[in-house]
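A.B. asks: Supplied in C-alpha cells, the structure appears directly below.
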Amino acid sequence: MSLWYPTIYRRRIEEVTPDTLRGIGARAVLLDIDNTLTVHDAPEVSDEVVAWLDNMRVAGFSLMLVSNNCAERVAPFAARLGLPYQAHAKKPLPVGFRRAARAMGLPRRRCVVIGDQIFTDILGANLSGMPSVLLEPIEPEKDQRFIVFKRRIERWMLDCPRELKRKEMDYGEYGIFWPGG
Ligand SMILES: [Mg+2]
C-alpha cells in the first residue's frame with residue numbers, strides 16, 4: 001500500500017515549511033499546479049502562494065512546475081511566476097518527474113513532489129523514488145467526472161482507520177506521516 005501514501009500530508013501549501021522539507025531531505029520542489037497552487041485553469045495564484053514561493057526560493061530550494069496539463073495552460077502560468085516547468089508530464093508515470101530531477105541536476109530522493117492527487121502526484125512520486133507532500137485540493141471538483149470519482153477513492157483511502165492506525169505518526173501540527181511512503 002505504501003505506493004499510495006505520501007511522506008507528509010498537509011491541508012494547504014502554506015503549511016509546508018522549509019524545515020519540514022529539509023527534514024525529509026529535499027533540496028528541490030516539484031509542484032503540481034491545478035488545485036495545488038491555484039484552482040483548475042485559473043491564470044493567477046493567491047498572494048499567500050506567491051509569498052510561499054518566494055519564501056522557498058529564499059530558503060534555497062529549486063522550484064519547478066510539473067503538470068499533466070498542456071503547454072498552453074502551463075507555459076503562461078510558469079512565465080508569470082518565473083518558474084521552469086514540465087507540461088504533459090504524464091503523471092503518475094515517472095517520466096516527467098525524472099526529467100525534472102535531471103534538469104535540476106539532483107538525485108531523485110532530493111526532489112519532493114507537492115500535489116493534491118494520490119493517483120497522479122503521490123503515486124508518481126513513489127514510482128520515481130521521490131518524497132511527497134499530499135495537500136487537500138483547494139476547491140472540490142464538480143464537472144470533471146473522472147477526478148470526482150478519484151476523489152471518492154482518495155477520501156476512502158485517507159479515512160481508512162485501520163490503515164491510518166498502523167501507519168500514523170505525529171508529524172507537525174496538522175500532518176500525518178506515513179513511513180515508507
Ligand atoms: Mg492537481
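A.B. asks: Considering only C-alpha atoms, what is the centroid distance from region 11-78 to region 96-149, in Å?
C.D. replies: 11
A.B. asks: Right, something else. Which of these, 45, 148, 95, has the largest mean-square fluctuation under a Gaussian network model of the chain (Cα springs below 10 Å)?
C.D. replies: It is 148.
A.B. asks: Given q = 0.12, 0.18, 0.19 Å⁻¹, what are the Debye log10 I(q)/I(0) values for region 2-176, with equal point scatterers placed on the Cα positions and solvent ignored?
C.D. replies: So the normalised log intensities work out to -0.50, -1.21, -1.37.
A.B. asks: Give, in nm to one decimal, the length gained when the segment between residue 27 and residue 3 is fully stretched (0.36 nm per residue of separation minus the Cα-Cα distance).
C.D. replies: Numbers: separation 24, 0.36 × 24 = 8.64 nm, distance 2.19 nm.
Residue separation times 0.36 nm, minus the Cα-Cα distance, leaves 6.5 nm.
A.B. asks: Roll a 1.4 angstrom probe over the protein heavy atoms and tell me the percent of accessible area of region 2-176 that is carbon or sulfur.
C.D. replies: Details: 4610 of 8680 Å².
So the carbon and sulfur contribution to the accessible surface is 53 percent.
A.B. asks: Counting alpha carbon pairs within less than 8 Å and at least 6 residues apart, what relative contact order, in whole percent, applies to the chain?
C.D. replies: RCO, the chain: 31 percent.
A.B. asks: Please give the net charge around residue 77, taking every other residue with its beta carbon less than 14 angstrom from that of residue 77, where Lys and Arg add +1 and Asp and Glu add -1. Please list the in-between numbers first.
C.D. replies: Values: positive: 73, 80; negative: 32, 34, 41, 44, 72.
After counting each charged neighbour, the total is -3.
A.B. asks: Okay, next question. Could you give the length gained by full extension between residue 71 and residue 102, i.e. 0.36 nm per residue of separation minus their alpha carbon distance, to one decimal place? Provide the component values of the computation, followed by the final result.
C.D. replies: Working: separation 31, 0.36 × 31 = 11.16 nm, distance 1.97 nm.
Going from the current span to full extension adds 9.2 nm.
A.B. asks: Determine the order of 40, 88 by accessible area, beginning with the largest, at a probe radius of 1.4 Å. Walk me through the numbers before you get to the answer.
C.D. replies: Numbers: 40 55, 88 105 Å².
Output order, biggest surface exposure first: 88, 40.
A.B. asks: Residues of the chain: accessible area per residue at 1.4 Å, in Å²?
C.D. replies: Working: 8990 Å² over 181 residues.
Ligands and nucleic acids excluded, the figure is 50 Å² per residue.
A.B. asks: Given a 1.4 Å probe and the protein chains all in place, what does the accessible area of residue 97 round to, in Å² to the nearest 10?
C.D. replies: The value for residue 97 is about 0 Å².
The values are calculated or read from the model by the stated rules, or taken from the named source; none is laboratory data. What you see is a predicted model, and the numbers here were worked out from it, not measured in a lab. Neighbour counts run over all protein chains shown; Cβ positions are idealised from the backbone, glycine included. With ligands, DNA and RNA removed, areas are computed over all heavy atoms of the protein, side chains included. Shrake-Rupley method; radii C 1.70, N 1.55, O 1.52, S 1.80 Å.
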